[in-house]
Amino acid sequence: MSVKKVAILGSTGSIGVNTLDVIRAHPDRFQVVALTAAKQIERLAEQCIEFNPAIAVVADADGAAQLSRLLQEKKISTQVLYGPGALVSAVTESGCDTVMAAIVGAAGLVPALAAAQAGKRVLLANKEALVMSGDLFMQAMKAGGGELLPIDSEHNAIFQCLPDRFTKNPLDHLGVEELWLTASGGPFRDMPITDLANITPEQACAHPNWVMGRKISVDSATMMNKGLEVIEAFWLFGLPLNQIKVLIHPQSVVHSMVRYRDGSVLAQMGQPDMRTPIAYGLAWPERIDAGVAPLNLTQLAGLSFSEPNLAQFPCLSLAFAAAKTGGTAPAILNAANEIAVAAFLDEGLPYLKIAEVVERTLNAVPSVSAGSLETILSADTKARQIASDFIRDIR
Ligand SMILES: NC(=O)c1ccc[n+]([C@@H]2O[C@H](COP(=O)([O-])OP(=O)(O)OC[C@H]3O[C@@H](n4cnc5c(N)ncnc54)[C@H](OP(=O)(O)O)[C@@H]3O)[C@@H](O)[C@H]2O)c1
């Protein structure tokens, strides 16, 4: 068994820490060769001291100086780099064969694309990369010749429910009729939208089933997350949008399903613990211990499924609309959402204004064909400016 060399983009985040947890249990299988963070320098230093990667990357020069100091004290020889360009170096110069793409938001796009182009095994948690540049990203994967394994639990579940040969055949040829993405519905699933005006960041981040980073937790509450996942599924699996469905499933036990032409529905079930899809991606096609407690179906009170109420979750409708429009519309949606969620978390933008900012930005920035990275990044920049202006007006 050869040892896999792993670069973790976003190692200080929720997915990054869970990835290191799985790797820690399998030192015979995995070696960490690059770790990256933005602001959590001390946490990154602890990770470098434990895993001794060749390269560590942080956001800026101050962070790099602090990290270098902390590592020198412990005589750790990791090379410390900083800035967005260094994230690409972590992929291309660390000697990795596997890249966990777990930076949150658009900041993860360029290094994830670099991993695709370089033919790595890409473990894709950073759904925003596919939302922004799905066509380009899938083309880069094809040209690079690497393997793409989805880490988002829903997409990982669908991957597990498809035959091995799905990457070489359109799903239609394999008898797939529909993909069903499950959604917990978040912490406000049963609350009327009129009761949500004074929701605080703490309430929005208190997800009933999953422990995640703050941005994705808010996206789960608004269900923008599920909208982004529909777009992600569209690119990953190549099925038309009208064959990708969302089902509310409050227990988060069935992580997603595939409905086949012959009447079969295949589901993947498990604990709501990201170490399962992470271990699956790291070891695929083998299965390894993920440190996850076994699922005991007899202890579950029941499993329920229902259609989402779009009037209660305007962000989900906006994502469906952007997906239908195509071109740069999903990148515009994503950028406006990132700005609005950050303003909600840090500056007190009212919770219900997140959808309003996204909608106004989508109306203000025209969608064009997403043919190049430059076009996509320019739509992203424009949308961020416009969304920030709207937020200033609102407050
Ligand atoms: N958490 C989950 O259960 C889950 C499930 C499915 C999919 N995902 C997806 O996985 C991705 C990561 O989610 P998460 O929950 O792990 O997020 P998170 O806990 O907020 O962690 C994000 C990571 O990205 C780094 N980062 C943030 N901004 C950056 C920037 N501008 N440049 C470079 N690095 C930056 C952070 O560094 P610092 O912390 O050092 O600032 C951190 O390491 C997201 O795309 C999310 O949608 C997450």
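The values are calculated or read from the model by the stated rules, or taken from the named source; none is laboratory data. Worth saying up front: this structure is predicted, and the values here are computed from it rather than measured. So basically every Cβ, Gly included, is an ideal-geometry build from the backbone, and we count neighbours across all protein chains shown. Note: areas computed on protein heavy atoms with side chains; ligands, DNA, RNA excluded. Shrake-Rupley method; radii C 1.70, N 1.55, O 1.52, S 1.80 Å.
Tabulated data
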{"item": "Count - residues of region 133-184 that are more than 16 Å from the ligand (Cβ to nearest atom) and assigned by TED's automatic domain parsing to the domain that holds ALA106", "result": "12"}
{"item": "Answer residue from region 173-212, given it is part of a helix (DSSP H, G or I) and over 20 Å from GLY13 (Cβ atoms) and is least open to solvent (accessible area, probe 1.4 Å) among those", "result": "LEU196"}
{"item": "Candidates ILE15, ILE103, ILE55, filtered to the one that is open to solvent by less than 10 Å² (accessible area, probe 1.4 Å) and either within 11 Å of the ligand (Cβ to nearest atom) or in contact with a Leu (Cβ under 7 Å, 6 or more places away or on another chain) (or both)", "result": "ILE55"}
{"item": "Test: residue in region 255-264 that is within 16 Å of the ligand (Cβ to nearest atom), in contact with a helix residue (DSSP H, G or I) (Cβ under 6 Å, 6 or more places away or on another chain), assigned by TED's automatic domain parsing to the domain that holds GLY302 and among the hydrophobic types (A, V, I, L, M, F, W, C)", "result": "no"}
{"item": "Hey, SER77 modelled with pLDDT of 95 or more and part of a loop (DSSP other than H, G, I, E, B) or not", "result": "yes"}
{"item": "Criterion (more than 25 Å from ALA116 (Cα to Cα) and crowded, with 23+ Cβ neighbours inside 10 Å) met by exactly one of ALA329, ALA383, ALA335", "result": "ALA383"}
{"item": "Some residue of region 324-337 being in a helix (DSSP H, G or I), under 21 Å from the mean Cα position of the chain (by Cα), β-branched (Val, Ile, Thr) and more than 20 Å from ILE244 (Cβ to Cβ)", "result": "yes"}
{"item": "Subset of region 138-172 that is among the charged types (D, E, K, R) and open to solvent by 60 Å² or more (accessible area, probe 1.4 Å) - its residue that is farthest from PRO240 (Cα to Cα)", "result": "GLU147"}
{"item": "Cβ pairs under 9 Å, 6+ apart, first in region 213-237 and outside any helix (DSSP H, G or I), second within 12 Å of the ligand (Cβ to nearest atom) and among the β-branched types (Val, Ile, Thr)", "result": "GLY213/ILE15; GLY213/VAL104"}
{"item": "Residue tally, condition basic (Lys, Arg) and more than 16 Å from the ligand (Cβ to nearest atom), over region 270-315", "result": "1"}
{"item": "When residues of region 80-94 are limited to those that are open to solvent by 50 Å² or more (accessible area, probe 1.4 Å) and not in a helix (DSSP H, G or I), the one farthest from the ligand (Cβ to nearest atom)", "result": "GLU93"}
